[in-house]
1. Would you be able to tell me the number of residues in the range 247-268 that are within 17 Å of residue 33 (Cα to Cα) and among the aromatic types (Phe, Trp, Tyr)?
2. State yes or no: is residue 61 within 19 Å of residue 185 (Cβ to Cβ) and touching a helix residue (DSSP H, G or I) at 6+ places or on another chain (Cβ under 8 Å)?
3. So which residues in the range 135-172 are over 25 Å from residue 94 (Cα atoms) and either touching a residue at least 40 places away in the same chain (Cβ under 8 Å) or not acidic (Asp, Glu) (or both)?
4. Restricting the range 64-87 to residues that are in contact with a helix residue (DSSP H, G or I) (Cβ under 6 Å, 6 or more places away or on another chain) and among the charged types (D, E, K, R), which is surrounded by the fewest Cβ atoms within 10 Å (Cβ to Cβ)?
5. Quick one: which helices (runs of 4 or more DSSP H) lie wholly within the range 125-233 and hold at least 3 residues that are at pLDDT 95 or above, under 28 Å from residue 300 (Cβ atoms) and in the same structural domain as residue 91 (by TED's automatic domain parsing)?
6. Evaluate the following for residue 90: is it in contact with a helix residue (DSSP H, G or I) (Cβ under 8 Å, 6 or more places away or on another chain) and modelled with pLDDT of 95 or more?
7. Let me confirm something: among 274, 247, 257, which residue is among the polar types (S, T, N, Q) and in contact with a Ser or Thr (Cβ under 9 Å, 6 or more places away or on another chain)?
8. Within 22 Å of residue 263 (Cβ to Cβ), buried (at least 20 other Cβ atoms within 10 Å of the Cβ), of a type outside the set (D, E, K, R) and touching a strand residue (DSSP E or B) at 6+ places or on another chain (Cβ under 8 Å): is that true of residue 104 in this structure?
Amino acid sequence: MIHGHGGNVYEVAGRLNCRPSDILDMSSNINPLGPPPGLIEYLKANMDAITRLPEVDAEFTIKRFADFIGLESDRLLAGNGTTQFIYTIPRVLRPANVLIVGPTYSDYGDACRLQGISHGFLMADESGDFHPAIERIEQALQTVDTIFICNPNNPTGALIPAHALRDLCRSYSKKQFIIDESYLDFVPNGESETMVNSGLENVIVLLSISKIFKIPGLRTGFIAACSATIEKFRPHLLPWSINSLAQLAIEYIAGNQVRIQAFINETRNYISTQRRQFYHAVAKGGHFRVFKGRAPFVLLKLPRELAAADVWQRLAAKKILVRRCNNFQGLSDRFIRISLKMPHDNRLLAAALLGIRRASQESNGDLTKIRVA
């Protein structure tokens with residue numbers, strides 16, 4: 001398991017001797033508008049469900065969510081977050097050689113490493129805003145049998161259009177493609193970009209409800225694939241992988257499709273607006289590079305004289321938590337990832353970053369000379 005996931009507010013709160021709720025957590029990629037209206041009230045009203053065992057195989061939950069996304073239920077499995085499936089995939093498929101398109105989420109590599117699976121990275125170029133080039137992926141595919149693609153990618157936000165992905169997967173039908181769509185719900189018209197309904201037998205899609213619905217503590221995710229592939233995974237799932245409250249949450253989401261779709265559309269518009277405003281607020285400083293992505297977070301490269309470790313410390317002292325990116329393969333301690341929150345929060349962080357930049361200039365780049373306000 002990697003150390004340095006976003007959302008480590010408990011450790012920071014302990015250091016600062018404050019409550020976790022006192023910290024502005026802009027490191028964890030969850031929907032600032034969530035949870036959806038009515039969901040928390042529904043869970044509270046059905047809290048007695050925790051006194052009973054949940055459905056052992058979550059079959060009803062799977063059927064409800066399959067209907068919600070327009071998929072046959074025999075092509076879907078539910079698990080304890082997409083993380084469960086990321087770590088299960090190498091164990092079930094036993095690939096000979098894996099390609100990971102990066103820079104990206106570290107758990108793909110960690111999952112391969114845990115099973116002793118040979119894996120390598122194809123890094124997108126910073127000069128191209130870290131957008132993967134299909135031609136380079138095709139070249140790299142020649143020597144591997146399985147490929148992980150996060151789409152839109154974490155932490156860069158880069159999105160490979162579905163039509164390009166479908167053509168790629170069709171052209172290399174003997175290769176296994178793992179497409180992680182955990183952040184696709186944040187993309188305007190994301191339904192047209194999903195690979196869930198591609199009908200391709202060499203495609204596995206990871207789906208998350210934690211991020212878009214702001215319920216990461218319920219640990220619920222799905223894997224979608226052809227029925228034959230799903231049957232390979234079924235024996236590897238532990239009984240009661242989906243707890244009672246998680247099953248209730250999916251029941252509510254699937255049973256309120258109009259309300260939920262309106263919530264998703266509102267989120268998409270909101271994130272697009274906040275991303276644009278944050279970009280302009282930080283870019284006016286002239287020394288931060290903000291990469292244009294399609295996710296609810298932004299990847300930011302610091303000026304040459306600033307290091308992410310120091311910036312992280314300065315922001316944490318102000319009870320603002322961001323994500324250092326040095327443990328993303330292909331990035332360095334010059335990068336931080338920022339999860340967009342409410343407008344005031346986004347403006348507060350932009351001002352804090354510009355303030356750190358100005359103080360660094362005044363102290364000739366020596367952050368140890370900067371007084372924390």
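1. 1
2. On the way: within 19 Å of residue 185 (Cβ to Cβ): yes; touching a helix residue (DSSP H, G or I) at 6+ places or on another chain (Cβ under 8 Å): yes.
Yes.
3. Across the range 135-172, the qualifying residues are 152, 155, 156, 157, 158, 159, 160, 161, 162, 163, 164.
4. 74
5. Values: elements: 134-141, 162-171, 227-233.
Hits in the range 125-233: 134-141, 162-171.
6. Values: in contact with a helix residue (DSSP H, G or I) (Cβ under 8 Å, 6 or more places away or on another chain): yes; modelled with pLDDT of 95 or more: yes.
Yes; evaluated as a whole, the condition is true for this residue.
7. On the way: 274 fails: in contact with a Ser or Thr (Cβ under 9 Å, 6 or more places away or on another chain); 257 fails: in contact with a Ser or Thr (Cβ under 9 Å, 6 or more places away or on another chain).
Checking each option against the conditions leaves just 247.
8. Working: within 22 Å of residue 263 (Cβ to Cβ): no; buried (at least 20 other Cβ atoms within 10 Å of the Cβ): yes; of a type outside the set (D, E, K, R): yes; touching a strand residue (DSSP E or B) at 6+ places or on another chain (Cβ under 8 Å): yes.
So residue 104 fails the test.
The values are calculated or read from the model by the stated rules, or taken from the named source; none is laboratory data. In this text, all values refer to a predicted model and were calculated from it rather than measured experimentally. Every residue, glycine as well, gets a Cβ built from its backbone with ideal geometry; the counts of neighbours run over all protein chains shown.
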